[in-house]
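None of the figures in this text is laboratory data; all of them are computed from the coordinates on show. On a predicted model such as this, the values are computed, not experimentally measured, just so you know. Here the Cβ is made from the backbone with ideal geometry for all residues, glycine too, and neighbour counts use every protein chain on show.
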Amino acid sequence: MIRSAYVLFILFALHKSAKAELDYRVDTVGCDSLLSFKYTDNRGRGEAEWNGIRNIRAVLPGILYRSGGNGSYNNLLPRPNDSPMTFQGLLNLYERGFDKVYYLYASRFSTQYPEPLLDLLDQVGIEYRSIVPTNDSIARLLLRSIYQTIESPEAGPILIHCWNGWHMSGLVSAYALMQFCAFSGPQAWEYWRKNTDGNDNGFGKLKSRILNFTPDPALQLSERQKTEYCPCKQ
């Protein structure tokens, strides 16, 4: 693990000068289809700069993105689907300007990313953490981090990811659209459902959480910020 950590540190250091601003594609994708547009498909195929990441979509352009981790479909190093992000995926996110990546499950995280490795990632400029939103109090920690990014012009975007980029990342994304962009519960649920790529059967508890979510008044955006960051409602 020590050797792997040093290799990772060197890789990120070599790529630091290449860290670039993200191409948000708002103009080319179009407002109406932005929330469902995917930069990579379910097997991680698509634009080369997103290698190692499945089903990546914008939620709040320039601020928040969602995806799956691309474990079993990874061409370089396949691993179980219930795994965190690969080094390859983190490196590509780093190069695209991301500052924070949140894994929304705990499976395999502590073994693949022990604390010394997470500390190294912090040092080179990308924070990677496992935060599992099993209840709304934990989910609000993620919303506060998103809010802090909106309030900090120098900050890079955040990626939240689960295994496939459908369910748990969809939950937090739906919350974000309700919290920051005034989506109603039914609008947020329809957003969640549409972006599961048809894998939406049997999620009554998640539906109930979305329909009953109450935005935090302390994290409200100004009208200017909503105009700048919120996508169209679908």
Rounded, prolate or oblate: which fits the stretch 151-224 when a ≥ b ≥ c are the square roots of the eigenvalues of the alpha-carbon gyration tensor, with rounded for a/c under 1.5 and prolate only if a/b beats b/c? oblate
In the stretch 106-202, which GluC sites (Glu not before Pro) are in a loop and have at most 11 other Cβ atoms within 10 Å, using DSSP for the loop call? Glu151, Glu154
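Listed highest first by mean packing, meaning other Cβ atoms within 10 Å per residue, what order do 103-111, 196-204 come in?
103-111, 196-204
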Which whole-Hz ³J(HN,Hα) couplings does the stretch 214-219 yield from phi under the Karplus relation 6.51 cos²θ - 1.76 cosθ + 1.60, θ = phi - 60°, glycine and proline marked x? 10, x, 8, x, 6, 10
Taking other Cβ within 10 Å of each residue's Cβ, how do His167, His161 sort, fewest first? His167, His161
Sort Met168, Met85 by Cβ crowding within 10 Å, fewest neighbours at the top. Met168, Met85
Burial-style ranking of 51-57, 225-231, average other-beta-carbon count within 10 Å with highest first, yields 51-57, 225-231
